[in-house]
Amino acid sequence: MAVTSRLEVRVHPDSKARLERAAALAQVPVSDFVRSAVEERTARVLAEYELQTLVPADFFDDLLASLDSPAEPNPALARALGRAPNPPRR
């Protein structure tokens, strides 16, 4: 895939030296080393974010409490149940 966008990043001279050393050890150009590191970190962050569903704590607590409590039909549901034909017996 052709690279078509440019991203410039300012780093401390010590960080640049470390990046250059790591890229040399990996035997890749610095830009490839940085790009692959950024892409790997991006994939991890996005995967973690996509696995989570964030809701307010009180909503979550209420949801768990409702799942733990026995179901109680509301009046409309109770009336509908009374009108339902008897299910066939097996």
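Could you pull out the residue among Asp68, Asp62, Asp58 that is at pLDDT 80 or above and surrounded by 10 or more Cβ atoms within 10 Å (Cβ to Cβ)?
Asp62
Every residue in segment 36-90 that is closer than 30 Å to Leu19 by Cα and β-branched (Val, Ile, Thr), please.
Of everything in segment 36-90, those that are closer than 30 Å to Leu19 by Cα and β-branched (Val, Ile, Thr) turn out to be Val38, Thr42, Val45.
The values are calculated or read from the model by the stated rules, or taken from the named source; none is laboratory data. Here the structure is a predicted model, which is why all the values come from computation and not from measurement. All Cβ positions, glycine included, derive from the backbone under ideal geometry; neighbour counts span all protein chains shown.
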